[in-house]
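The values are calculated or read from the model by the stated rules, or taken from the named source; none is laboratory data. Everything numeric in this text was worked out from a predicted model, so none of it was measured. Here the Cβ positions follow ideal geometry from the backbone for every residue, glycine too, while neighbour counts run over all protein chains shown. Just the protein is used for accessible areas: all its heavy atoms, side chains included, with ligands, DNA and RNA removed. Shrake-Rupley method; radii C 1.70, N 1.55, O 1.52, S 1.80 Å.
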Amino acid sequence: MTADELFADLQQRVEALDRMAAPPLTRDMAVVRLKRSLPDPVRRIEASDLVHQTVTDILDRTAAAARPLSGPVLAESMRGYRTDCDVLLHLLAHGVFHDDGIHDALWLRAVERLTRMRSTLPGSFDSVLEELRHYPALLATWTMGVTAVISRREEFLATIMAQPTWTTLSGRTQTQPPVVYLNPVRVLPADLSSVMPPPDGQRWRFPQSTFLRQEVREPLKSIEPDDTAYKAACTRFEFLASLISMDNDTQNPGFPWIGEFLSDEHWEYDTSIANTIKAELTPSWPLLRAGAFGGDVGRAQAAYERLVQWRAQNLR
């Protein structure tokens, strides 16, 4: 062992002893520790341990006894899952924003472990509550996706929409990518009035989309304080996820991440996001270069046309 290696090992041991003697780690302290660890190759293990332990804490708190899969517990379970994930969402937001791709496997590993919450079927369950077990994984993926848009790392979407895969548990067994099994309409119930009461005499047009935008706003506040810019990032993320879904979904002709991006304001003007993204569909598009659509611009354009057709046929 060289002197440099000996010093690095000694430094890690001293820091480990400091952590043992330190008070419980708060959310803000965890974020600070992660941001300090990311650029330092010597502290890479510290960043990994921090995220790993945070996910472990979530899994420990979301056992069947704490999150029952039957009974009138929908609102309580949704609030509980969100509270459980709070520290992790802040870590993922700051991690993806400040990362340059070196730690991508760390963020994916966190979602992979959360996805396993649906690895087995219980003996008796309510289908809505059983599907909700993917809510933490959806929150994590949504956070990373919107952050990737904000930080202009959209090539990362090609990865988080494809990994980790999940195998369905009932009926015809299928292995699905996140863009399919984490589609908000497959994870969240259609009626969210118990956790997001609509204005008097009205109803939400895109309840899952509106709800997720509200749920993830706070973890991204310090990264993007402007509400208008945040909404624009959510809209772009939903649009891009839907394009990938129209290309990858096992259903024919595919199923989008139904959301606020489908509103008229995002489609019917020359400067709309629909026209903006359509113009971006060239061989140099970052998502193509990262492997989405098999790197084939023709597939990307076909997915766009399928999305346009789906909207015309289904949106009222």
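Checked against (1) open to solvent by 60 Å² or more (accessible area, probe 1.4 Å); (2) touching a helix residue (DSSP H, G or I) at 6+ places or on another chain (Cβ under 8 Å); (3) in a helix (DSSP H, G or I), Glu305 meets all criteria but (2).
Of everything listed in (1) over 22 Å from Leu220 (Cβ atoms); (2) more than 16 Å from the chain's Cα centre (by Cα); (3) part of a helix (DSSP H, G or I), the single unmet condition for Met117 is (2).
When you check Leu121 against the structure, is it more than 22 Å from Leu287 (Cβ to Cβ) and in contact with an Asp or Glu (Cβ under 9 Å, 6 or more places away or on another chain), yes or no? Yes, satisfied. Of all residues in region 204-216, those that are among the aromatic types (Phe, Trp, Tyr) have Cβ atoms under 6 Å from Cβ atoms of residues that are open to solvent by 10 Å² or more (accessible area, probe 1.4 Å) and in a helix (DSSP H, G or I), 6 or more apart or on another chain, in Trp204/Thr210; Phe206/Glu260. Within region 286-295, the set of residues being open to solvent by less than 70 Å² (accessible area, probe 1.4 Å) and either touching a residue at least 12 places away in the same chain (Cβ under 8 Å) or over 18 Å from Met246 (Cβ atoms) (or both) comprises Pro286, Leu287, Leu288, Ala290, Gly291, Ala292, Phe293. Each residue in region 204-229 was checked for being assigned to a helix (DSSP H, G or I) and either surrounded by fewer than 20 Cβ atoms within 10 Å (Cβ to Cβ) or at positive phi (or both), and 8 pass.
For region 189-198, does any single residue satisfy the condition of being in contact (Cβ under 8 Å) with a residue 40 or more places away in the chain, acidic (Asp, Glu) and either assigned to a loop (DSSP other than H, G, I, E, B) or under 27 Å from Ala105 (Cβ atoms) (or both)? No, region 189-198 contains no residue that is in contact (Cβ under 8 Å) with a residue 40 or more places away in the chain, acidic (Asp, Glu) and either assigned to a loop (DSSP other than H, G, I, E, B) or under 27 Å from Ala105 (Cβ atoms) (or both). Taking the criterion of being surrounded by fewer than 20 Cβ atoms within 10 Å (Cβ to Cβ) and under 25 Å from Ser124 (Cβ atoms), the residues of region 157-189 that qualify are Thr167, Thr168, Leu169, Ser170, Gly171, Arg172, Thr173, Gln174, Gln176, Val185, Arg186, Pro189. On inspection, Leu315 qualifies as surrounded by 12 or more Cβ atoms within 10 Å (Cβ to Cβ) and either on the phi > 0 side of the Ramachandran plot or modelled with pLDDT under 95 (or both). Comparison of Gly145, Gly201 shows that the only residue that is farther than 22 Å from Ala66 by Cα, open to solvent by 20 Å² or more (accessible area, probe 1.4 Å) and out of contact with any Lys or Arg (no Cβ under 8 Å at 6 or more places or on another chain) is Gly201. With respect to (1) at pLDDT 95 or above; (2) open to solvent by 20 Å² or more (accessible area, probe 1.4 Å), the lone exception for Thr235 is condition (2).
Taking the stated definitions as given, is Pro283 open to solvent by 70 Å² or more (accessible area, probe 1.4 Å) and in contact with a helix residue (DSSP H, G or I) (Cβ under 6 Å, 6 or more places away or on another chain)? For Pro283, the condition - open to solvent by 70 Å² or more (accessible area, probe 1.4 Å) and in contact with a helix residue (DSSP H, G or I) (Cβ under 6 Å, 6 or more places away or on another chain) - is met.
Residues of region 252-271 that are open to solvent by less than 10 Å² (accessible area, probe 1.4 Å), over 17 Å from Val180 (Cβ atoms) and out of contact with any Asp or Glu (no Cβ under 7 Å at 6 or more places or on another chain): Leu262 alone. Just one of the listed residues (Leu121, Leu88) is surrounded by fewer than 19 Cβ atoms within 10 Å (Cβ to Cβ), out of contact with any strand residue (DSSP E or B) (no Cβ under 8 Å at 6 or more places or on another chain) and of a type outside the set (D, E, K, R), namely Leu121. Checking each residue in region 168-187 for being touching a residue at least 60 places away in the same chain (Cβ under 8 Å), farther than 13 Å from Thr141 by Cβ and assigned to a loop (DSSP other than H, G, I, E, B) picks out only Gln174. Is it true that some residue in region 1-24 is at pLDDT 90 or above and surrounded by 12 or more Cβ atoms within 10 Å (Cβ to Cβ)? Taking every residue of region 1-24 in turn, none turns out to be at pLDDT 90 or above and surrounded by 12 or more Cβ atoms within 10 Å (Cβ to Cβ).
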